[in-house]
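The values are calculated or read from the model by the stated rules, or taken from the named source; none is laboratory data. This structure is a prediction, so every number in the text was calculated from the model and none was measured. As a convention, Cβ positions derive from the backbone with ideal geometry for all residues, glycine included, and neighbour counts pool all protein chains shown. Ligands, DNA and RNA are excluded from the accessible area calculation, which covers all protein heavy atoms including side chains. Shrake-Rupley method; radii C 1.70, N 1.55, O 1.52, S 1.80 Å.
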Amino acid sequence: MTTATKQVEAKIKRDVFRHVEAELYAYPFRKKEITRLREEILYPFDERPEDVNIVKGKNSVRRPGDPTAKKAIALVSHTRLHHLERVVDAIDEVYARLPDPKREFVRLKYWTHPQRLTAVGICQELGISDRTYSRWRSQIISQIAEILGWN
């Protein structure tokens, strides 16, 4: 393996690391976005006002429809919604398996807004070394990337 190939692999890993970490930071917003998208699909806004003067008789054109099936298909086939749900589910799965100190680490590092603590502050808050901080961060991000198949 040439050094150029090694550098490309290292860059890919670094990019994946950064991407997963960005998803961790955005996790609370992703959950809100999923809710918004679902609401948008299930209850679409229709700008056309219903005309009360139209009388539908036997000869009027009627198209039978299945609005429930249409909504179900829209929910299942919505690409962005599916992607967001995959990422959120992976984060939820990893977070659920973490012991309490690591859960607190994730909460302080990624989900406390604004990020009031630096890496040193988080280490002091949790009583861990900077090496443990780096190791936990790498482990958590690697586990999420593995579940998503991004590694």
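Remarks
- Listed by position, the helices (runs of 4 or more DSSP H) inside region 61-140 whose residues that are over 26 Å from Lys32 (Cα atoms) and open to solvent by less than 50 Å² (accessible area, probe 1.4 Å) number at least 3 are 119-126.
- Among residues of region 31-46 being more than 17 Å from the chain's Cα centre (by Cα) and either at pLDDT below 85 or of a type in the set (Ser, Thr, Tyr) (or both), the one that is farthest from Ala90 (Cα to Cα) is Asp46.
- Test: residue in region 12-25 that is within 30 Å of Lys109 (Cα to Cα), within 23 Å of the chain's Cα centre (by Cα) and at pLDDT below 75: yes
- Sole residue being without any contact (Cβ under 8 Å) to a residue 40 or more places away in the chain and among the aliphatic types (A, V, I, L, M), chosen from Leu108, Leu98: Leu108
- His113 being of a type outside the set (Gly, Ala, Ser) and modelled with pLDDT of 85 or more: no
- Boolean, Val55 is closer than 30 Å to Val106 by Cα and modelled with pLDDT of 60 or more: no
- Of all residues in region 26-43, none satisfies the criterion of being open to solvent by 40 Å² or more (accessible area, probe 1.4 Å), among the β-branched types (Val, Ile, Thr) and either assigned to a loop (DSSP other than H, G, I, E, B) or in contact (Cβ under 8 Å) with a residue 40 or more places away in the chain (or both).
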